[in-house]
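Trainee: Below is one structure. I have some questions about it.
The values are calculated or read from the model by the stated rules, or taken from the named source; none is laboratory data. Treat the numbers as computed from the prediction; the structure is a model and nothing was measured. In this analysis, Cβ positions are derived from the backbone assuming ideal geometry, glycine residues included, and neighbour counts consider all displayed protein chains. What goes into the accessible areas is simple: the full protein's heavy atoms, side chains included, and nothing from ligands, DNA or RNA. Shrake-Rupley method; radii C 1.70, N 1.55, O 1.52, S 1.80 Å.
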Amino acid sequence: QVQLVESGGGLVQAGGSLRLSCAASGSIFRISTMGWYRQAPGQQRELVAATTSGGRTNYADSVKGRFTISRENAKNTVYLQMNSLKPEDTAVYYCNLQLWGNDYWGQGTQVTVSS
């Protein structure tokens, strides 16, 4: 069973930065697509950024130029560097692993951006 553990969330002022980390258990990390999703109160969960096993990345339009997703296969870890944060980035951020039609989720980490 894959386990994903996020860390790095918190409270930050608008314009500030945070880096989220997600550590995965097991041996499938390096062949998996990894993603970060977020869910704000009363809203659907949405994709923020994703990276394939080959290193291709894609981003939601709302975060392009501000967020960067990266992965470190040797540590089974994916990161989300978030710069120029805005109050509308406030949400619970979830790490996701996709492989062979299966989805695995972390428990989520709260990011709150104050104005």
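Trainee: Among the residues of the stretch 6-26, are any out of contact with any strand residue (DSSP E or B) (no Cβ under 7 Å at 6 or more places or on another chain) and under 22 Å from Tyr104 (Cβ atoms)?
Mentor: Yes - at least one qualifying residue is present in the stretch 6-26.
Trainee: When the residues of the stretch 12-34 are filtered to those that are part of a helix (DSSP H, G or I) and among the hydrophobic types (A, V, I, L, M, F, W, C), which remaining residue is surrounded by the most Cβ atoms within 10 Å (Cβ to Cβ)?
Mentor: Phe29
Trainee: Take the stretch 70-94 and flag every residue that is without any contact (Cβ under 8 Å) to a residue 40 or more places away in the chain and aliphatic (A, V, I, L, M).
Mentor: Answer for the stretch 70-94, where residues must be without any contact (Cβ under 8 Å) to a residue 40 or more places away in the chain and aliphatic (A, V, I, L, M): just Ala74.
Trainee: Looking only at the stretch 56-72, decide whether some residue is in contact with a Leu (Cβ under 9 Å, 6 or more places away or on another chain) and among the small types (Gly, Ala, Ser).
Mentor: Within the stretch 56-72, one or more residues are in contact with a Leu (Cβ under 9 Å, 6 or more places away or on another chain) and among the small types (Gly, Ala, Ser).
Trainee: With open to solvent by less than 10 Å² (accessible area, probe 1.4 Å), assigned to a strand (DSSP E or B) and either among the hydroxyl-bearing types (Ser, Thr, Tyr) or more than 27 Å from Gln1 (Cβ to Cβ) (or both) as the only criterion, which of Tyr79, Tyr104, Tyr93 stands out?
Mentor: Tyr93
Trainee: Taking the conditions exactly as written (open to solvent by 10 Å² or more (accessible area, probe 1.4 Å), in a strand (DSSP E or B), modelled with pLDDT of 95 or more and among the aromatic types (Phe, Trp, Tyr)), does Tyr37 satisfy them or not?
Mentor: yes
Trainee: What's the number of the condition Tyr59 fails, among (1) surrounded by fewer than 21 Cβ atoms within 10 Å (Cβ to Cβ); (2) under 17 Å from Thr109 (Cβ atoms); (3) at pLDDT 95 or above?
Mentor: (2)
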